[in-house]
Amino acid sequence: MNGSRDVQWPPRPTALAQQLLAEVLQEGDLVIDATAGNGHDTEFLAARVGATGRVLAFDVQAAAIGAARARVETAGWRERVVFYEESHARLAFRAEPGSVAVVMFNLGYLPGHDHQRTTCAESTLEGLAGAVGVLKPGGVLTVVCYPGHPEGAREVEAVEAWLAGLTESGWRVARYGAIGTRRPAPFLLLGWAPGG
Ligand SMILES: C[S@@+](CC[C@H](N)C(=O)[O-])C[C@H]1O[C@@H](n2cnc3c(N)ncnc32)[C@H](O)[C@@H]1O
């Protein structure tokens, strides 16, 4: 059986995040894509929350917002998504405290664009703090991390330490990723809010 497995199995962190969230997302949920990029997660979330749900999608780059918007339009779900061309550091201003079921972050840069326009530790930590504030009891936070480049390494170290600290307030936090790779491999951090 091993030999017949697709090269993307075991799943990459981005795919694993979606697989895990597919188990908790429900029709009608309010959810957030904190890094819309090319819109793969935005599209996934829009599919899952259905016509009665809403996705709030953030990105600082007009090119990313345009690409993500085009993707959900093609899928026929444009009315399910509200786009914000602004930093996820502001997401707490866009949703009520305790109203959001899921927040997804996929750190790093927009593939095919300026690699300098990458997420960075300071605004990511602000965004994560905002996410914790808007998530409802039992809500889920996912963060795909890329430690393979210098800014990424600095960022994910700060993010991992920050998320680990949430356990003191009753959160459950997990890390999933490949080991034994030549360069530090991308990994997924998942936080589950208490009270669900
Ligand atoms: C790895 S890409 C996201 C890929 C996306 N999830 C997808 O499915 O295509 C990271 C994105 O984060 C965006 N970004 C960087 N800093 C940001 C910030 N402070 N707030 C929101 N988005 C940011 C970048 O412009 C880039 O599009």
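The values are calculated or read from the model by the stated rules, or taken from the named source; none is laboratory data. Treat the numbers as computed from the prediction; the structure is a model and nothing was measured. Note that each Cβ is placed from the backbone with ideal geometry, even for glycine, and that neighbours are counted across all protein chains shown.
Data table
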| quantity | calculated |
| --- | --- |
| Residues of the range 108-159 satisfying the condition of being at pLDDT 90 or above and in contact with a Cys (Cβ under 7 Å, 6 or more places away or on another chain) | Glu155, Val156, Val159 |
| Top-ranked residue of the range 54-65 - restricted to ones that are part of a loop (DSSP other than H, G, I, E, B) and out of contact with any helix residue (DSSP H, G or I) (no Cβ under 7 Å at 6 or more places or on another chain), ranked as surrounded by the most Cβ atoms within 10 Å (Cβ to Cβ) | Val60 |
| Where Val140 falls short, out of the listed (1) without any contact (Cβ under 8 Å) to a residue 40 or more places away in the chain; (2) in contact with a helix residue (DSSP H, G or I) (Cβ under 8 Å, 6 or more places away or on another chain) | (1) |
| Leading residue by the ranking (surrounded by the most Cβ atoms within 10 Å (Cβ to Cβ)) among those in the range 66-84 that are under 26 Å from Glu126 (Cα atoms) and near the ligand (Cβ under 9 Å from one of its atoms) | Ala68 |
| Flag for Glu27 being more than 10 Å from the chain's Cα centre (by Cα), in a loop (DSSP other than H, G, I, E, B) and charged (D, E, K, R) | yes |
| Ser99 among the polar types (S, T, N, Q), touching a residue at least 40 places away in the same chain (Cβ under 8 Å) and surrounded by fewer than 20 Cβ atoms within 10 Å (Cβ to Cβ) | yes |
| Top-ranked residue of the range 92-124 - restricted to ones that are touching a Gly at 6+ places or on another chain (Cβ under 7 Å) and over 22 Å from Ala15 (Cβ atoms), ranked as farthest from the ligand (Cβ to nearest atom) | Pro97 |
| Single unsatisfied condition, Gly127 versus (1) over 28 Å from Gly195 (Cβ atoms); (2) within 8 Å of the ligand (Cβ to nearest atom); (3) surrounded by 14 or more Cβ atoms within 10 Å (Cβ to Cβ) | (1) |
| Residues of the range 164-185 classified as surrounded by fewer than 14 Cβ atoms within 10 Å (Cβ to Cβ) and of a type in the set (A, V, I, L, M), total | 3 |
| Among the residues listed as Thr35, Thr14, the single one being under 16 Å from Leu141 (Cβ atoms), assigned to a loop (DSSP other than H, G, I, E, B), touching a Leu at 6+ places or on another chain (Cβ under 9 Å) and within 12 Å of the ligand (Cβ to nearest atom) | Thr35 |
| Options Ala70, Ala51; residue that is in a helix (DSSP H, G or I), more than 25 Å from Gly195 (Cα to Cα) and aliphatic (A, V, I, L, M) | Ala70 |
